[in-house]
Structure formats: structure tokens, C-alpha cells
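These notes are about the structure you will find just below.
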Amino acid sequence: MSLLLRPAFASPQLHLRVAAKLHSARSCSTFNVTGYMPEAAAFPGVRDYPGLRDLSVQHPERFWGILGRERLAWITPFHTVSDCDLTQGRVRWFEGGQLNVSVNCIDRHVHMSPDKVALIWERDEPGAHVKITYRQLLEVTCRLANTLKRQGVRKGDRVVIYMPASPIAVASMLACARIGAVHTVVFAGFSAEALANRIQDAQSETVITTNQALRGGRVIELKKTVDQAVKLCPSIKRVLIAMRTENKVPMSNIDIPLEEEMMKEEAVCDPVAMESEDMLFLLYTSGSTGKPKGVVHTQAGYLLYTSLTHKYVFDYHDGDVFGCVADIGWITGHSYVVYGPLCNGGTTVLFESTPVYPNPGRYWETVERLKINHFYCAPTAIRLLLKYGDTWVKSHDRSSLKTLGTVGEPINSEAWNWYYKVVGDGRCPVLDTWWQTETGGICISPHPAGRDAKIVPAMAMRPFFGIDPVLVDDQGRRLEGNKVSGSLCIAKPWPGMARTIYNDHDRFVDTYFKAYPNHFFTGDGAHRSEEGYYQIIGRLDDVINISGHRLGTAEIEGAVNQHQVVAESAAIGCAHEVKGEGSYVFIVLKDGINISEDTIDKELKDIVSQKIAKYAAPDHIQIVKRLPKTRSGKIMRRVLRKIVENKIDELGDLTTLDDHVAVEEIVAGREKILEKEAKN
Ligand code: WTA
């Protein structure tokens, strides 16, 4: 990282209104509302957490207006706190205001404490971390922003970032924000085709990538994948390549060596004044159809919401080291590796490796070496690590830890208890945080009620400030009282919520606002306990959650159906001990095809890896003669699910089933598979 050598100086323009309230830490061992949230001083009469929460829901304009003014540095103050109409999917916050997200995340901290560490890059190579101060981050970001400008990237242009977690990747995101370009980070595990689909949908002209990547000691040919994708994308005019390894890769006439160009640029770049509702980024996520959707987040509301949740859910204090090990290709990486912590002037860890490289003690060795105070990961990693036993944890000093969090999928009690007792030594609150790409930040979590609040294991529990969860039944009726289960909706808009689906506002309205008018529909089911706490049950649509990564069953089917021998398929989610959910795919072969089970198994896994990503490869494939369908031709997935779960007695109402023999055949086939698995 030769780029990080020269000091940078903030340009005079950056002084803006940075008068920067860098929110200094205040202790909140006893619940004192203004000690807990300094801005609460502006709410006379509010004395405790429930009071603050009630105010945030009953008077959102007041609550968010004050926080928006206090917590963000504005170039021009906003004149309207919110203008939302959920029936139309219209969500607008802080209009009239202008700001720059990169200034909020870097410059104002450079102004206050330039040598504070912003990023700790935990490289794949064990023990080889790199620290980057706010001053260095500003320099790299400005040089990168100037490079993008020189290459012709303009405000509003979409820039695809296809890189693993690294300072240069974070600087790429912030450089886009600085010049008003819209980034779309694509998880560096996605295949060339999946990358190409996203480039095409975003109509992007620019990709930023690395020559190679390193993961778990293996070299990944990232640039090669980009080359394949770019062949399918005539819109691409330039590919900027950073060097993660020393190895040279073939360069074409659209390829630009990123670091070389950056060194020619000034270390100062004036930030563009962005409207609150200008786009900040697109992030593609799976829905129930085969086509991933580009979820759009905008500037001010998203930034305020991620910074506020980062501070109050984790009880983040100035000087703490925040260790969220998510990849930057997912929303968790956006909100809690990059934007939330940096907006708060925090120190954030960029984890490039895997939980088991070079051994299953990697996370805890990293906690010890970097003195991580808050650790945030997916339940799947906890389930994986607990299998290796306690010694890998206990051989490392974890006394720095204060808070433990999980996200992305339900956490089972065994994993929760192990995380709490073994990793946290029974000292640290474990927070099961529920949220989505579409919500921008954490919506339901045991905190924000302060460190002393009761936590029920494996339960997301309490809504965050401004979040008004409701449960609704199939008829769209709101379920009152406790001990009820239903579709989880959110009744009021909040600043962090998605604004639209890129180039498809109708799909945005249809997906989130049609099922329950005037409510945001999450797609998840939830239970409200006797005590009024929320427990997330899982997806209600055809989205499965593999190791905390969303995947539409239609996407898997789309890939499987491209195999020349497959006539049709049906994919469903199935329980998986480590991944939480895996996928089980039923296929019908075309007439006259004779292929061995092992061959088709391997070929279909390959095709899904190639079309989507390795993590999407099906866990089980069953060849069937026909699929169970209704008389109108709809696949009865409910029946398939029960067969896979081996709950033949619970197949339910089969009166609409077209052909009963189909079910009998599938049950017999499933029994054979179970027998075979038992023998192995
Ligand atoms: C699921 C990840 C249970 C849920 C931030 C949601 C969870 C989807 C939890 C969003 C949790 C997330 N308990 N389920 N604590 N957190 N989910 O968009 O089904 O990748 O709808 O965002 O993950 O996944 P996404």
C-alpha cells in the first residue's frame, strides 16, 4: 500500500460546516437519557428509554430532525425532515439539505484527530494487519476520486466495485461518494455471469477490481472473472485494477493500473455537494423472482441511520475497535464496516480472511491482537466454530470484548449460548440483530435499551428508535396484543429505508407496499412474545438464506434449467446444520435422457456455481419423474418441503393436486436417498 505514505491536508473548502460534533463517549452505566444520547437534551421531559422510544415513534419529525441536524455535517441545512407516502413507495428525508458523505466519514474526523486509526485491515495472511489513519484514508480517497474524475466518471454514474475488503475498496466507495458517483459493490465471490448481470442492470461504464484476491490462503483470479464479465457488457469503458498481489495480469486497452494513476493525482479533492436524496449506492439482493434487484439507498437518511444504530445498538464509544467481519459486498459490510463506524469517527476492522484460516482460532486470535471491543458476525460462523470445540477460543485473550452481535439469519439457542458463554465468558451482551438490505440498518435488536437491559437469548426483541413494527395476518388485519405471529411489517417510514429499486419503482411498490397498504412489508414472519418482544421466524417468500446470504429459489431454478438435460426444476430451502439453510433441488429430466445421479449432481453444482456463485450450489438433487402441481399447473412447494423434512403425515390438503402418483414417487425417491445417506 505504497499510496498510504504521504500525509494529506484537508482543503480549506472542507471546513464547510464541519464544526463537527464528533460524538465523544459518555458513560451510561445507569440509564440517564441525556448521558445515553446527548441529543436527547433537546427533548424536555423524556427521562428514560421507553420515553425516548415513544417520542421517536410518535413524533418522528422532531426526533429525526434534531438527530439529523446534530449528527451530520451539512453544507446546506435541510428544510423538510420527511416527505413520505408509503402507498406510493415515496420516501424522502431531509430535503433541501446538501452534504457529502465522504466528508462526514473522513474529513471531519481528520479535522479533529488526523492520526486516529480509521481502518484496521486484517489481511488474509495471518498476523499481517495494516492500520490506516483518518488522514491517510482521506489522501487515498482523494487520489482515487481524482483518478475517477480524470477517467471521465461523473456525478450520478454507476461504478461497480468487485473487490474483497481492503482499504482501497473502502476508499473506492468513499471516492464515489466524494464525487457523487453511485457505487455498486458486487460480492467478489459472485461468478462472471452474475457480475455481468449486475453491470448491465446498473448500466455501468466503470469497474474497480484487484489483479487477484487472497482468501484462506488461496489465490483467486479476480481480474480474469472481470474480463469474462466485461465481454458480456458493451457499456464498460474502463476497468481500474489495484494490485493485491505482486503477480502481473494481462492488461487490455480498457484496463488501467489504479495505484499508478493515483500516484499522479493530487491528494486533495473537493467534495461535491449532494442533495440528501441523491443516490449513494445500489446493492443487488435476491427477491422471489430470478432477477436480483438493485436496492437504492440515498445520502443523508442512510448515513444518519447507520451511524445512530452503530452507536446505540452496540453502545459504541470513542476509541473502541469495531470488528464486523462481514464482506463489503453485503449490506452488513456497507453499514457496519464502512458507513456507520466511519461516520462516528470510529476504528473499524476490515476482515479479508475466513473463520478457519489458518485454523479455527482465527477470529479470536484477531480479537486478541487487534483488541477488538465489538464483534459482529453471522450465526453460520458461530455454528461452524462451535464444532471445533472451546480450546480454539480459550487459548486467546478476549478480555477486550464488550459486545457480541449476530446478523443475517436466525441464531439457534445452542450457538447463542456458546457465543455468550464461551466466546464472551458470560460477560458480554449477545445481540441478535434483525434487519435487511432494504432497511439500511438494524431495526430490531436487544439494545438500544442500554447495557443493563434484559436480553432474552436468541431473540431480536426490541425495535430501534423510530421503528414501529406491526404483525399482520393473511387478511391484512393488524394483530394486536402479545403471543401472536404474523407477517412482519413496519408501519412508519424511517430515514434508513430503501428508496426504490433501480430502474424499477413499480417492483419496489409491488414488493414492499402492496401486500399491506401504507406499511413496509419485510417478507419475514415474526412472533410477538408474551412480554412483547419480537422473535423472527424466517422468510415468507421464496427466498432462502444460505449462510446468511439471501438467494431466490427462482435464481437457482433459472441456473439449473439451463442444463441441457433438465426439463424443469423446483428448488426449496432445507435445514442445514452449519449453513442454517441449504437448497434441495428436484429435477425432471427431458424425455429419453439417461444420466447417472453422480454426473448430474456434479454438473448441476458446477452450473449453479458458474451462473451465480459457489455458495449457491445445491446441497441435494433429486431426480423425479414429475413435480407435484395444482390443476392450474403451479408447483406445490409446500408439499415438497414436507417431503424433504420427512413429515409425510403433514402433507396437508392435497385436493388441488393434479396427480397423486407424483407425490408417492417423490416420497419413495426421498426414502431411498435417506437410506443411502444413513449408510454413508
Ligand atoms: C434474515 C442482512 C432472523 C431475514 C442484514 C431478512 C434474520 C434477511 C436476521 C435479510 C435475524 C436477517 N434473525 N433472520 N437476526 N437478520 N435475517 O438483506 O430473513 O442480506 O429478511 O440483510 O435475512 O438479508 P439481507
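The values are calculated or read from the model by the stated rules, or taken from the named source; none is laboratory data. Keep in mind the model is a prediction, meaning the values are calculated, not measured. With ideal geometry, Cβ positions are generated from the backbone for all residues, glycine too; neighbour counts draw on all protein chains shown. These area figures cover heavy atoms from the full protein model, side chains too; ligands, DNA and RNA do not enter into them. Shrake-Rupley method; radii C 1.70, N 1.55, O 1.52, S 1.80 Å.
Quick rundown of the values:
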read-out	value
Residue satisfying condition, being in contact with a Leu (Cβ under 7 Å, 6 or more places away or on another chain) and either within 24 Å of Met279 (Cα to Cα) or in a strand (DSSP E or B) (or both), within set Asp107, Asp124	Asp107
Test for Glu205: is it surrounded by fewer than 18 Cβ atoms within 10 Å (Cβ to Cβ), of a type in the set (D, E, K, R) and within 25 Å of Arg143 (Cα to Cα)	no
Elements of type helices (runs of 4 or more DSSP H) contained in region 29-79, each with 3 or more residues being open to solvent by 80 Å² or more (accessible area, probe 1.4 Å) and not small (Gly, Ala, Ser)	60-71
Out of Ala616, Ala668, Ala567, sole residue that is touching a helix residue (DSSP H, G or I) at 6+ places or on another chain (Cβ under 9 Å) and aliphatic (A, V, I, L, M)	Ala616
Hits in region 353-374 - residues which are in a loop (DSSP other than H, G, I, E, B) and either within 16 Å of the ligand (Cβ to nearest atom) or open to solvent by less than 10 Å² (accessible area, probe 1.4 Å) (or both)	Ser353, Gly361, Ile372
Of all residues in region 549-585 being in contact (Cβ under 8 Å) with a residue 40 or more places away in the chain and over 22 Å from Lys291 (Cβ atoms), the one that is surrounded by the most Cβ atoms within 10 Å (Cβ to Cβ)	Tyr584
Selected residue (only one of Ile411, Ile442 is modelled with pLDDT under 95, of a type in the set (A, V, I, L, M, F, W, C) and under 21 Å from Trp330 (Cα atoms))	Ile411
Residue match in region 320-340 (condition: farther than 23 Å from Asp107 by Cα, more than 16 Å from the ligand (Cβ to nearest atom), at pLDDT 95 or above and of a type outside the set (A, V, I, L, M, F, W, C))	no
Residue satisfying condition, being within 15 Å of the ligand (Cβ to nearest atom), under 30 Å from Gly127 (Cβ atoms) and not small (Gly, Ala, Ser), within set Val456, Val430	Val430
Residue, least open to solvent (accessible area, probe 1.4 Å), within region 183-200, restricted to residues that are within 21 Å of Gly152 (Cβ to Cβ) and over 17 Å from the mean Cα position of the chain (by Cα)	Ile199
Residue satisfying all of: in region 529-548; among the hydroxyl-bearing types (Ser, Thr, Tyr) and buried (at least 18 other Cβ atoms within 10 Å of the Cβ); farthest from the ligand (Cβ to nearest atom) among these	Tyr533
When residues of region 640-680 are limited to those that are in a loop (DSSP other than H, G, I, E, B) and touching a strand residue (DSSP E or B) at 6+ places or on another chain (Cβ under 6 Å), the one most open to solvent (accessible area, probe 1.4 Å)	Asp658
Those residues of region 586-600 which are assigned to a helix (DSSP H, G or I) and surrounded by fewer than 18 Cβ atoms within 10 Å (Cβ to Cβ), in sequence order	Glu597, Asp598, Thr599
Hits in region 311-323 (condition: in contact (Cβ under 8 Å) with a residue 60 or more places away in the chain and either assigned to a helix (DSSP H, G or I) or touching a helix residue (DSSP H, G or I) at 6+ places or on another chain (Cβ under 7 Å) (or both))	Lys311, Tyr312, Val313, Phe314, Val321
Residue match in region 481-491 (condition: more than 16 Å from the ligand (Cβ to nearest atom) and open to solvent by less than 10 Å² (accessible area, probe 1.4 Å))	no
Matching residues, region 492-505, being open to solvent by less than 10 Å² (accessible area, probe 1.4 Å) and in contact with a Lys or Arg (Cβ under 9 Å, 6 or more places away or on another chain)	Ile501
Residue check for Phe520: within 16 Å of the ligand (Cβ to nearest atom) and touching a Cys at 6+ places or on another chain (Cβ under 9 Å)	yes
Yes/no for Phe513 being within 20 Å of the chain's Cα centre (by Cα), buried (at least 19 other Cβ atoms within 10 Å of the Cβ) and either at pLDDT 95 or above or within 16 Å of the ligand (Cβ to nearest atom) (or both)	no
Some residue of region 257-270 being in contact with a Gly (Cβ under 9 Å, 6 or more places away or on another chain) and among the aliphatic types (A, V, I, L, M)	no
Those residues of region 375-415 which are more than 16 Å from the ligand (Cβ to nearest atom) and in contact with a strand residue (DSSP E or B) (Cβ under 8 Å, 6 or more places away or on another chain), in sequence order	Ser400, Leu401, Lys402
Those strands (runs of 3 or more DSSP E) lying entirely in region 377-493 with at least 1 residues touching a helix residue (DSSP H, G or I) at 6+ places or on another chain (Cβ under 9 Å) and of a type outside the set (S, T, N, Q)	403-407, 430-433, 484-490
Asn646, sole failed condition from (1) under 35 Å from the mean Cα position of the chain (by Cα); (2) of a type outside the set (Gly, Ala, Ser); (3) on the phi < 0 side of the Ramachandran plot	(3)
Search result, residues across region 118-128 that are buried (at least 18 other Cβ atoms within 10 Å of the Cβ) and either within 15 Å of Asp318 (Cβ to Cβ) or of a type outside the set (D, E, K, R) (or both)	Ala118, Leu119, Ile120, Trp121
